[in-house]
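First the structure, in the form of structure tokens, and then the observations on it.
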Amino acid sequence: MPSETSHLPPGCLYLPRGNCVLAAADGPIAFALLAADLVARKMEADVLLVSLRGKDDPHPIRFDVVFRATDRTEHCQNLLFWTMRRRAPAFVPNDSRHRAVVLGRSGLIPSDPMPFTSPVDRMAGIACGSAELRRVIWGDDG
């Protein structure tokens, strides 16, 4: 349980090892991103914002990350879960001009190089990640 003076909103989870707050979003994403930015600043931690898109969407969950730096925050928005065997899982942007976010052992790591080596690798990892999320959330087999 957070202390009475904690800036952690109800329903959020603080992961101390990675100095990261896990939060869920409902409703317009712009409001959730503003709230996540405030949480990142007050908690002095990174925020991983998770929102369901819907079971029929090809990518069932949207991920957004707010990185907390000393004097600012940096947003990595509209990310997709990417995973491949024997590689660190990551969140990759829909637009390859933006950064990826690698899930490291000690937290979220912004990464300019993408975790994939080719467009085929990118698509395969996103498909694998989406299938895994569907299995976990809805019990789907494919």
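The values are calculated or read from the model by the stated rules, or taken from the named source; none is laboratory data. This structure is a prediction, so every number in the text was calculated from the model and none was measured. All Cβ positions, glycine included, derive from the backbone under ideal geometry; neighbour counts span all protein chains shown. When the accessible area is computed, the model is the full protein with side chains, heavy atoms only, and any ligands, DNA or RNA have been set aside. Shrake-Rupley method; radii C 1.70, N 1.55, O 1.52, S 1.80 Å.
Condition (residue is open to solvent by 30 Å² or more (accessible area, probe 1.4 Å), at positive phi and assigned to a loop (DSSP other than H, G, I, E, B)) applied to region 111-119: is it met by at least one residue? No.
Sort out which residues of region 31-50 are in contact with a Phe, Trp or Tyr (Cβ under 8 Å, 6 or more places away or on another chain) and within 29 Å of Ala127 (Cα to Cα), and write them in order of number. Result: Asp46, Leu48, Leu49, Val50. Filtered by the rule that a residue be closer than 25 Å to Ile29 by Cα, part of a strand (DSSP E or B) and either open to solvent by 50 Å² or more (accessible area, probe 1.4 Å) or of a type outside the set (A, V, I, L, M, F, W, C) (or both), region 94-110 gives Leu103, Gly107, Ile109, Pro110.
Answer yes or no as to whether Asp121 is under 24 Å from Phe31 (Cα atoms) and in contact (Cβ under 8 Å) with a residue 24 or more places away in the chain. Reasoning before the result, please.
Working: under 24 Å from Phe31 (Cα atoms): no; in contact (Cβ under 8 Å) with a residue 24 or more places away in the chain: yes.
No.
Scanning region 60-75 for residues that are closer than 22 Å to Leu133 by Cα, open to solvent by 20 Å² or more (accessible area, probe 1.4 Å) and among the small types (Gly, Ala, Ser) turns up nothing. Taking the conditions exactly as written (over 30 Å from Glu44 (Cβ atoms), open to solvent by 50 Å² or more (accessible area, probe 1.4 Å), touching a strand residue (DSSP E or B) at 6+ places or on another chain (Cβ under 8 Å) and in a helix (DSSP H, G or I)), does Ile137 satisfy them or not? Taking the combined requirement at face value, the residue satisfies it.
Could you please tell me which pairs satisfy a Cβ distance under 6 Å, a separation of 6+ or placement on different chains, a first residue in region 3-28 that is open to solvent by 60 Å² or more (accessible area, probe 1.4 Å), and a second residue that is modelled with pLDDT under 90 and not in a strand (DSSP E or B)? That search, which allows pairs on different chains as well, returns Tyr14/Leu8.
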